[in-house]
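Every number here is computed from the coordinates shown, using simple stated rules; none is lab data. Note that the structure is a prediction, hence the values are computed from the model and not measured. No Cβ is skipped: glycine too gets one built from the backbone with ideal geometry, and neighbour counts run over all protein chains shown.
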Amino acid sequence: MSAPAFLPFTRPHIDEATIAEVGRVLASGWITSGPKVQAFEAALSALFGGRPVRSFANGTATMEVALRLAGIGPGDEVITTPITWVATANVIVAVGATPVLVDVDPRTRNLDLDAVEAAITPRTRALMPVYLSGLPVDMDRLYAIAARHGLRVIEDAAQAIDSRWQGRRIGAFGDLVSFSFQANKNITCAEGGCLVMNTPEEAVRAERLRLQGVVRRGDDGMDVESPGGKFNLTDIHAAIGLGQLPQLEAVTRRRSALAQAYFEAADRHGLAELGIELPLPSNTSGALTNWHLYQVVLPAERLAGGRAAVMQRLREAGIGSGVHYPALHLFSYYRGLGWREGMLPQAERIGRAILTLPLFPQMDDADPERVCRHLADACRSLLR
Ligand SMILES: *Cc1c(COP(=O)(O)O)cnc(C)c1O
C-alpha cells in the first residue's frame, strides 16, 4: 500500500471554467483593471447588501487605503490585536499612526473588548478588529464602544468572508470592512482584496487612493489633488475571483462539515484530556464562523520541544500544519517600539502554542480523523 499524499494545511482550488476564463482575459488584449474588475466589484457589492465595494491588489493595500480614507495618520492611535498576520499592524505604521496592541480573549483568541475599552485614550482614532480563523468578535459591543468614543472601525475581515454575526454577513453592515483574496483565503484571486464602504463619495476617494490620486478632468484630461498609490486589481485576478464567488456558500458548508468532523474526532482521541484547547463551536453567542482555519492551542510548555516538535511529528506522518500567528509585539521591529514579553500574556501563550490543522474543501472526509489520531499520538509521546 502506498502512503497517502502529503496533506497540506490548505490548498486553493480553481475550477476548469475559471482557468479557461483567465485564458480568455489573457488573450483579450485587456489584462489590467477593466471589465472583469467592474463585474467583480458589482458581484461583491451584491453580496454585501448593495454597499459600495472597491477592489485592490491585496488585503494589505486594502487596509492601508481604509486607514487613509478614515484620515488616520501621525499622532493617531489605532487599537488592534497582536494575534494577527503582521500586515494589520504594519499598515497602521505605514500611514504614520501608532498601533496600540491589547490582549486577546483566550476562548475566541480575538481582541478582548474589555482590554480595548481600557486602552482608549484621547489620541485613539480607530479600532481595528481581526476575525481570526473567521470568527467575528461581539459586533454589537464593538460598535457600541466605537460609537461611545467617536471612533472609526476598520475591520480586518481578511479571513471572514461569509462569516456572520446574529445572522448578518460580515461586510453587509459596519463601517469600513476589508477582505483579502490571497491564495489561502476561502475565496481567492491568487492575490487581491476589497473594501466595503459607507457612501459613494468614499468609493470615489478610494479609487483615487488606489491609482496615484488621479482625477479625470481639465484640458490635459487629468489632475492630482493629493497623491495616491498603485493598488489596483487586474482583470486576470478579478476573473479568478469571479469564478470563485458562486461557490462561496458551498465552500462554507463543506468547511463547516469538516470542522464538525474535527470536533467528533477530537472527542474520540481525547484531545481535550491531553490539554489541547479546541476552537469554539460554531454559532457561539451569535458569532458564526466561516471556518477559515481550524486551530487548536497546544499545552506547549508541557511538551518536549514545544509546538515545533508536534509539527515535526505531524510532518513525518504526512500532515502539514501552520502557525497563525506568533504574537506580533515580540517581533524585533515592534520590540523596538517598546513592546516586551509579559505585556500581553494571553497573546504570548497563544502565539507560542496555537496550531492550524488542515482544513480545505477538497480534503477527504476521513482526514480529520487521521489528523486527530496523529496529533494525539504526538502529544502523548511528547508530554512530560
Ligand atoms: C491574509 C490576511 C491579511 C492580508 O492580506 P493580503 O491579501 O495577504 O495582503 C491581513 N490580515 C489577516 C488577518 C489576514 O489573514
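I'd like the distance between the alpha-carbon centres of the stretch 271-300 and the stretch 80-111, rounded to an integer number of Å.
That distance is 21 Å.
If packing is taken as the average number of other Cβ atoms within 10 Å across a peptide's residues, how do 145-152, 185-192 rank, most packed first?
Final packing ranking: 185-192, 145-152.
Ranked by Cβ crowding within 10 angstrom, fewest neighbours first, how are ARG168, ARG216 ordered?
With the sparsest Cβ surroundings first, the list reads ARG216, ARG168.
May I ask for the angle, rounded to the nearest 10°, between helix 367-382 and the longest principal axis of the chain, with both axes built from Cα atoms and the value confined to 0 to 90°?
60
Roughly how many nanometres apart are two label points built 7 Å out from the Cα toward the Cβ at PHE331 and HIS13?
Computed distance between label sites PHE331 and HIS13 equals 3.2 nm.
For a quick check: sort PHE56, PHE360, PHE179, PHE173 by the number of other beta carbons within 10 angstrom, fewest at the front.
The fewest-first ordering by Cβ neighbours comes to PHE173, PHE360, PHE56, PHE179.
Cβ under 13 Å from ARG216's Cβ, ARG216 left aside: what net charge do those residues give with Lys, Arg +1 and Asp, Glu -1?
Here the charged neighbours net out to -3.
Out of every Cα pair in the chain, what percent are spaced more than 34 Å from each other?
Pairs farther apart than 34 Å: 30 percent.
ALA87: net charge of surrounding residues, Cβ under 10 Å, Lys/Arg +1, Asp/Glu -1, itself excluded?
-2
So what's the gap between the Cα centers of the stretch 126-181 and the stretch 319-339, to the nearest angstrom?
Going from one Cα centre to the other spans 23 Å.
If packing is taken as the average number of other Cβ atoms within 10 Å across a peptide's residues, how do 370-377, 291-298 rank, most packed first?
Packing order, densest peptide first, comes out as 291-298, 370-377.
Once both labels are modelled 7 Å past Cα along the beta-carbon direction, what's the ALA20-ALA304 spacing in nm?
Taking the simple label geometry, ALA20 and ALA304 are separated by 5.7 nm.
With angles folded into 0 to 90 degrees, how steeply does helix 16-27 sit against the dominant principal axis of the chain? Use alpha carbons for both and round to 10.
Tilt of helix 16-27: around 30 degrees.
If I fit a long axis through the Cα atoms of helix 248-268 and take the longest principal axis of the Cα atoms of the chain, what angle between them do I get, 0 to 90°, rounded to 10?
Result, in degrees: 20.
Around VAL323, what is the net charge, scoring Lys/Arg as +1 and Asp/Glu as -1 over all other residues with Cβ under 12 Å from its Cβ?
Every neighbour counted, the sum reads +2.
Between ALA257 and ASP220, what is the label-to-label distance in nm when each label sits 7 Å out along the Cα-to-Cβ direction?
Placing both labels 7 Å beyond Cα along the Cβ direction yields 5.9 nm.
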